[in-house]
1. With Leu240, Leu257, Leu201, Leu253 as the choices, which residue is part of a helix (DSSP H, G or I), touching a residue at least 40 places away in the same chain (Cβ under 8 Å) and closer than 30 Å to Ser32 by Cβ?
2. Is there a residue being surrounded by fewer than 13 Cβ atoms within 10 Å (Cβ to Cβ), at positive phi and not in a helix (DSSP H, G or I) anywhere in region 103-114?
3. Do you know which residues across region 115-165 are assigned to a strand (DSSP E or B) and among the basic types (Lys, Arg)?
4. Does Gln205 satisfy the criteria of being surrounded by fewer than 23 Cβ atoms within 10 Å (Cβ to Cβ), more than 24 Å from His136 (Cβ to Cβ) and either modelled with pLDDT of 95 or more or not assigned by TED's automatic domain parsing to the domain that holds Gly108 (or both)?
5. Among the listed residues Gly144, Gly123, identify the single one that is assigned by TED's automatic domain parsing to the domain that holds Tyr38, surrounded by 13 or more Cβ atoms within 10 Å (Cβ to Cβ) and farther than 18 Å from Pro94 by Cβ.
Amino acid sequence: MTLDLSTPTPLQYFAVLVRSDEQLPLLEAAASLAQDEYPELDVQQVLGDMDHLAARLRRRAAPEAPALDRLRALGQFFFGDLGFGGNVNDYYNPDNSHLHVVLRTRRGIPISLAVLWLELARGLNLRAEGVGFPGHFLVQVRLGEGRVVIDPFTGQSLSQDELRERIDELSPRQPFHPARDVPLALYLGAAEPRQILARMLRNLQDIHRSQQDWPRFVAVQDRLVTLLPSAWPEYRDRGLALAELGERRRARLDLSLYLREALDADDRQAMAERLADLGGRLA
């Protein structure tokens, strides 16, 4: 039997990491996203750097200390001593999603800061979760029957009223406002690692699409369809980007798959016409 000793590509490495929900290593998978832009990145070094920070933090917060004391120690360490915070001056820089850069600069966007914060929180045995809150990713720690919700961009602990205000800002101000009638807890469900990775990738997707940077956009789409193999619109978007790059055969494959699987899509006619323009047809 011949053994394959070749080094896996970054996408193959990512595919192995995200193969199982039960054993998906969020930090490692999130750090690996930067390998498309930084092919020589040593992901294990990123993990080692985080282990070092976690060891420093554990020397400050005894594991037998009350959970609230451990949470306060984490906040002081992460936002105070280390100085992590949001990159308000260059928010849409792709490096804000690259964890090894965020570790170096101490600046990122909510979700990249959240991934690092969550890793440290779990090292203190805190019941920490990411929260796919509307418009802005948050983190929370469950304390008994309650919870503390934190904005990883600022380190601010958010009250119920402040959370409601954020929801209201995203919705039209009308006398009847359905969002106000929804229990706040429904907005604070825990985000699973796969959901967090998808949100990170879609942040990069939005940046590269807005810049019409189709090679980088396709690289993101490759990861998205690996992560979410039944997310048919991601195949459509990759196919359209491949068409922009002149890769007509691959574009036809993606658009054909989209049309075959997304039977209720509103844009089927438009995509069928685009497929025909590329010399293909729906079987």
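1. Just one listed residue meets the conditions, Leu201.
2. No, every residue in region 103-114 fails to be surrounded by fewer than 13 Cβ atoms within 10 Å (Cβ to Cβ), at positive phi and not in a helix (DSSP H, G or I).
3. Within region 115-165, Arg142, Arg147 meet the criteria.
4. Considered against the rule, which asks whether it is surrounded by fewer than 23 Cβ atoms within 10 Å (Cβ to Cβ), more than 24 Å from His136 (Cβ to Cβ) and either modelled with pLDDT of 95 or more or not assigned by TED's automatic domain parsing to the domain that holds Gly108 (or both), Gln205 comes out as no.
5. Gly123
Residue by residue, here is whether (1) crowded, with 20+ Cβ neighbours inside 10 Å; (2) among the small types (Gly, Ala, Ser); (3) under 30 Å from Gly144 (Cα atoms) holds:
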| site | (1), (2), (3) |
| --- | --- |
| Pro8 | no, no, no |
| Tyr38 | no, no, no |
| Leu41 | yes, no, no |
| Leu53 | no, no, yes |
| Leu82 | no, no, yes |
| Val88 | no, no, no |
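The values are calculated or read from the model by the stated rules, or taken from the named source; none is laboratory data. Note that the structure is predicted; figures quoted are calculated from it, not measured. Note: ideal-geometry Cβ built from the backbone for every residue, glycine included; neighbour counts use all protein chains shown.
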